[in-house]
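The structure appears right after this line, and notes come after that.
The values are calculated or read from the model by the stated rules, or taken from the named source; none is laboratory data. Note that this is a predicted model, so its numbers are computed, not measured. Counting neighbours? That spans all protein chains shown, and the Cβs are built from the backbone with ideal geometry, glycine included. With ligands, DNA and RNA removed, areas are computed over all heavy atoms of the protein, side chains included. Shrake-Rupley method; radii C 1.70, N 1.55, O 1.52, S 1.80 Å.
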Amino acid sequence: MAANPTDDVFGVWSGTPSPRNAGKSWAQVEREAQREYVSQGWGGFPDMPTDPALLGCDRFTQIASRVPFRRGATSTTAMVEGALIRPPGGMPLGTELRLEASRFDVTAGSSFTVTVRVRAGDRALPGARVGMTVPPGWRAGQARLGTVAAGREASVRLTVTAPANAATGRVSLGGTLRSGGRVGRTTLVANVVPAVSGTLQRLPQVSQFETWVRDLGVRDLGGLVRPVLSIGQGETRALRVDLRNNSAVRQSGTVALTLPAGFAVDAASKPYADLAPGSTTSVTFAVTNSDPTLPLPNADRPGDIAFAIVTTSTSGSSTENAGLNLVPVTTVPQAAVAPTVDGVEGAGEYGGSLLDLTPRWEGQPCTSVADCSGSAKVTWSDDALFFHVKVTDDVLGTVLSAADCKRHWRTDSVEIALDPRGTSENTSTTFKTGIFPVTADPANGNPPCFQRDADNRQGPGAQTAPGMEVRSVVTSPYTGYALEVKIPLALLPAAVDPARLGLNIFIYDSDTQDKTGQTRIGWSTFNGVQGDPYRWGHATLPGYTPPADRRTTPADPVIPLTALRSVDSPQSILQAAWDGVALGGDRHARQGRTAWFTASPRLTPRGLGMRIGTGGAGTLRVFVWAGGRTVASRTVSIGSRANRPITVPLSGEGWASVGADTLVLVAWESRAGGTTAFASLVTP
């Protein structure tokens, strides 16, 4: 059932056997594809159940349709009816039926036009008639199109009128095509708006999305999520209500906020006056969290604190439901003496509040405090932040090598997130670091390691965060670990605003050895909070003043693109060689500029030898793929059209790995533009 009654939702049972995958259920095929996403730590997901009763449906919401379909059909093929399958009693395949409204937002009592477009496929549509199916009280016309010739289109404009008492909200309008005793149907969504709408100011990324769906012509995709803003415990923030006159006459009225217990507002209501048709204005309230002891949200106590915006006008009133995200607040004191970064909380080093990191963010609940819990203290000295994080844990997850210091969500780790100005829309203007408490590096005492992830300067810690220091103390027998961290504030993408630093700290818990995490806990814990800086906690730094020459506008993000190049990924090359899709979204190298095997790969005394022809200058990347991994590779620059021998040397492990199922995968990147992917089994 659709959560929004105007949506057309189709369900496909995931237990149907796949004819091309040895009878595996589509759920299992999907799971195997998911496990290919190794970079996200998804390689360890188990097989799907074989009991059909334990397999659910994949649900698809139809955004738009240009073919007639059966609304509410429950068959497993309903989603493709009208496009690939002729529905019972339906129109011939190839028939198109579309509705195009003159506007999406309509007011009660107003009229608008709907253009009905019908196109015949290979067969004519004799005696075609079209009409609208509308809710009670609405009015719409009907029309005869006559015979629509094969391959031709006919259209007609119908007037639709909303009743004077139409309730605000979305309504589904139906379009019907009848011809030769057959019926085809489609739908259109209209949105009934009040004379004056009062809406909570949108987050920048939400506003961008609303603009995108409007420009794309799919307005019904917008406005589906309750608008929210965040507020810190005990804080006061400005809250803007945007007003728009949707009617044809000037409007005046008031705006009021209906807030729950624990919140206060500076005025019961605020007026607006003489707002012209189609014009906009706004009013701003000061909202205070008057009860800072209200419980914070987490995965076990989700998250939006509901309130309402009530807007009156000379034509009536309207209500928008919105939400506040209550986030934690702390004061970061200045240390009397800079802490010694040794993993131990020295006497007097950290005078700030203890931050509770135990609330669950995602994943399985902690079975006990001993299973996963934690806390942190933060202080500042000179031009750096210092953190002491204590983690209680009963099982140490996979210990990775120092060379594999990345993707910290795969095992036990800590993430620290900092938004220097407290205004970031996304993490590209923040500092985020993932820290492993221990690595498999016995020669150096198995030290911790750190990296920066999904932020303004991603990559290995030594390169992206010079001057950052990390020390750890891991208990033996194992009951957890402590981390001490120094982060120079010069590493952040902008100067810290000491009145509104965004701060969050997360603990990742893994109790397995398969490089998968089970639980994530932290300080400010909302669904998706990792990528939502506006829902991080708030920190103030009394007495701190950033250097005068430090920029207040965040630096442009530096995002390494090497990992995104499909020509360097043997898995991508294998897939492209199989499905014919160009690598990395690039175009195919044009004819005459491509590359190909002129002699199949075969074992030689020096390694794997082959001949490759190229239609011009470019770069060849050759991978030897055995047992699901690369055992040898070579990159060759080609200066002109060529047909040349290429040998990929093999190491001892490479020689041992090559067998009957070994593939040679080749990516060709033409200097003239475009790519080619091709593959061949090794000839014995």
Quiz item: Can you name every residue in segment 651-660 that is open to solvent by less than 40 Å² (accessible area, probe 1.4 Å) and either within 17 Å of Arg621 (Cβ to Cβ) or among the hydroxyl-bearing types (Ser, Thr, Tyr) (or both)?
Solution: Gly654, Ser657
Quiz prompt | Candidate set: segment 286-310, residues that are in a loop (DSSP other than H, G, I, E, B) and of a type in the set (Gly, Ala, Ser); chosen: the one least open to solvent (accessible area, probe 1.4 Å) | solution = Gly303
Practice problem: Report the residue count in segment 15-37 for those that are assigned to a loop (DSSP other than H, G, I, E, B) and without any contact (Cβ under 8 Å) to a residue 12 or more places away in the chain. | Solution: 8
Quiz item: Restricting to segment 311-333, what's the tally of residues that are loosely packed, with under 14 Cβ neighbours inside 10 Å, more than 19 Å from Arg240 (Cβ to Cβ) and at pLDDT 95 or above?
Solution: 1
Exercise. Could you grab me the full set of residues in segment 439-457 that are surrounded by 23 or more Cβ atoms within 10 Å (Cβ to Cβ) and outside any strand (DSSP E or B)?
Key: Pro448, Asp455, Asn456
Quiz item: Among the listed residues Ser102, Ser111, Ser179, which satisfies the condition of being open to solvent by less than 50 Å² (accessible area, probe 1.4 Å) and not hydrophobic (A, V, I, L, M, F, W, C)?
Solution: Ser179
Quiz item: If you scan segment 182-201, which residues turn out to be surrounded by 18 or more Cβ atoms within 10 Å (Cβ to Cβ) and either part of a loop (DSSP other than H, G, I, E, B) or small (Gly, Ala, Ser) (or both)?
Solution: Gly184, Ala190, Pro194, Ala195, Ser197, Gly198
Practice problem: Starting from segment 467-493, take each residue that is at positive phi and list its partners that are in a strand (DSSP E or B) and open to solvent by less than 20 Å² (accessible area, probe 1.4 Å), counting only C-beta distances under 7 angstrom and pairs at least six apart or across chains. | Solution: Gly480/Val391; Gly480/Asp393
Quiz prompt | Filter result for Val395 (open to solvent by less than 20 Å² (accessible area, probe 1.4 Å) and either in a helix (DSSP H, G or I) or touching a Phe, Trp or Tyr at 6+ places or on another chain (Cβ under 9 Å) (or both)) | solution = no
Quiz item: Can you find a residue in segment 336-347 that is on the phi > 0 side of the Ramachandran plot and either touching a residue at least 40 places away in the same chain (Cβ under 8 Å) or surrounded by 16 or more Cβ atoms within 10 Å (Cβ to Cβ) (or both)?
Solution: yes
Self-check item: Any hit, segment 620-629, residues being open to solvent by 10 Å² or more (accessible area, probe 1.4 Å), in contact with a strand residue (DSSP E or B) (Cβ under 7 Å, 6 or more places away or on another chain) and either among the polar types (S, T, N, Q) or farther than 21 Å from Leu574 by Cβ (or both)
Solution: no
Self-check item: Contacts under 6 angstrom Cβ, first residue in segment 660-679 being within 19 Å of Gly585 (Cβ to Cβ), partner assigned to a loop (DSSP other than H, G, I, E, B) and of a type in the set (S, T, N, Q), 6 or more apart
Solution: Thr676/Thr594
Practice problem: Spot the failing condition for Val283; the list is (1) open to solvent by 30 Å² or more (accessible area, probe 1.4 Å); (2) within 27 Å of Arg103 (Cβ to Cβ); (3) touching a Lys or Arg at 6+ places or on another chain (Cβ under 7 Å), and only one is missed. | Solution: (1)
